[in-house]
Amino acid sequence: ISLRVLVAAACVWGAWASWKIARGDSLLRQDTVTSIRASLRLVPDNPAAFMRLAQLDDDEAQPMLEKALRLDAYNAQADTELGLLYEAKADPARAERLLLHAFEIDHTYTPRWSLANFYLRQGNLPAFWQWSRRAAEMPPEDMGALFALCWRVTPDPKAIADALLHDNPSTVRQFIVFLLTKDQVDAAADEAPRLIRIGGVGTDRPLLHALVNQ
C-alpha cells in the first residue's frame, strides 16, 4: 500500500470520526431518550450521555449510572446519584460507600450536603452533625436548606450555632436571617455581636437595623 493511499485512508477515517463526534453531540443536545440512545450508538464511551439518560429514564437509571462510572471513575455526580438509588433500594452500606467516594473526588458543598442528608435519614445523628459542620465550612450562597435540616433535628438556635457557625460573615448573616424567619428574635440578637465583630458595618447595617426593629 502506497503512502498516498495510507494518508487518504487516515484522512477519511479522521473525517468519519469527527462526524460521529459532532453528530453524537448534536443528538445529545436534543435531550430525549431516543436521541441520547442514538448518540450513544455513535459515541459509546461518553459518560455524560449515560448520566443524562439515567436522569430521563428511571427504569434504566442504575445501569446507566454504573456505565458512566466505569467510563469515568472520578464522576462524583454519578457516585452521588447511584448512592441515592442504592439507599432507596434498602442498601445503605453500598450507598454510604458511594457517597463517601463522591466526597473523596469532590470536596465542594454538594457531596457534604448529600452525606448530611443521608446520615439523617439513617438516624446516625453524630455523623449527621459531622457532615453538616463540614457542609457549613464551604457554604453555598443560600444556607437556608442546611439550617432547616438542622432545625428538624433540634430547634435549638444555640446548638445549631455551636455546630455550624464559623467566623464567616456570610454564614452568620444567613443564620440571623433564618432565625428571624423562625421568629427567634432573641436568638438572632445573640448572634449580632459576632456579626458586628467579623462583618462589615456598611454591609450589615440594614440587617442589624431590621433586627433592632423586630
Notebook entry, point to check: Any residue at all in the range 165-184 that is surrounded by fewer than 17 Cβ atoms within 10 Å (Cβ to Cβ), charged (D, E, K, R) and closer than 22 Å to H107 by Cα?
Noted result: yes
Check: Of the residues A102, A73, which is under 30 Å from E137 (Cβ atoms) and surrounded by fewer than 17 Cβ atoms within 10 Å (Cβ to Cβ)?
Finding: A73
Check: Only one of (1) open to solvent by less than 90 Å² (accessible area, probe 1.4 Å); (2) more than 24 Å from E87 (Cβ to Cβ); (3) in contact with a Leu (Cβ under 7 Å, 6 or more places away or on another chain) is not met by G199, so which one is it?
Finding: (3)
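Filtering the range 125-140 down to residues that are within 25 Å of Y74 (Cβ to Cβ) and more than 13 Å from the chain's Cα centre (by Cα), which residue is surrounded by the fewest Cβ atoms within 10 Å (Cβ to Cβ)? Working first, answer last.
The first filter runs over the range 125-140 and keeps only residues within 25 Å of Y74 (Cβ to Cβ), leaving 127, 130-131, 134-135, 137-140.
Subset that is more than 13 Å from the chain's Cα centre (by Cα): 127, 130-131, 134, 137.
Working: A127: 16, Q130: 16, W131: 23, R134: 18, E137: 14.
Taking the candidates together, the pick is E137.
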Next item on the list: Working carefully through the options T34, T110, find the one that is open to solvent by 70 Å² or more (accessible area, probe 1.4 Å), part of a helix (DSSP H, G or I), without any contact (Cβ under 8 Å) to a residue 12 or more places away in the chain and at negative phi.
Entry: T34
Note to self: Condition first: crowded, with 17+ Cβ neighbours inside 10 Å and aliphatic (A, V, I, L, M). Now tell me which residues in the range 150-162 satisfy that.
What the structure shows: I160, A161
Next item on the list: Any chance you could count how many residues in the range 131-161 are hydroxyl-bearing (S, T, Y) and touching a residue at least 24 places away in the same chain (Cβ under 8 Å)?
Entry: 1
Check: What pairs come up if the first residue lies in the range 55-81 and is within 16 Å of D31 (Cβ to Cβ), the second is among the aromatic types (F, W, Y), and their beta carbons are under 9 Å apart, counting only those six or more places apart or on different chains?
Finding: M64/F50
Notebook entry, point to check: For T154, all conditions in the list (1) under 19 Å from the mean Cα position of the chain (by Cα); (2) farther than 18 Å from L207 by Cα; (3) of a type in the set (V, I, T) hold save one; what is the number of the exception?
Noted result: (1)
Checklist line | Flag for Q122 being polar (S, T, N, Q) and exposed (fewer than 15 other Cβ atoms within 10 Å of the Cβ) | finding: yes
Next item on the list: Kindly list, by first and then second residue, each pair from a residue in the range 162-185 that is over 22 Å from Q130 (Cα atoms) to a residue that is in a loop (DSSP other than H, G, I, E, B), limited to pairs with Cβ atoms under 9 Å and residues at least 6 apart or on different chains.
Entry: L180/Q214; K182/P155; D183/Q214; Q184/P155; V185/Q214
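Table: residues versus (1) among the charged types (D, E, K, R); (2) in contact with a Phe, Trp or Tyr (Cβ under 9 Å, 6 or more places away or on another chain); (3) at pLDDT below 95; (4) farther than 24 Å from E96 by Cα.
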{"position": "Y119", "(1), (2), (3), (4)": "no, yes, no, no"}
{"position": "M138", "(1), (2), (3), (4)": "no, yes, yes, no"}
{"position": "D142", "(1), (2), (3), (4)": "yes, no, yes, yes"}
{"position": "F178", "(1), (2), (3), (4)": "no, yes, no, yes"}
{"position": "G200", "(1), (2), (3), (4)": "no, no, yes, yes"}
{"position": "N213", "(1), (2), (3), (4)": "no, no, yes, yes"}
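The values are calculated or read from the model by the stated rules, or taken from the named source; none is laboratory data. As the structure is a prediction and not an experimental result, all values here were calculated from the model. Note that we place each Cβ from the backbone using ideal geometry, even for glycine, and neighbour counts take in every protein chain shown. In case anyone asks, the SASA skips ligands and DNA or RNA and just uses the protein heavy atoms, side chains included. Shrake-Rupley method; radii C 1.70, N 1.55, O 1.52, S 1.80 Å.
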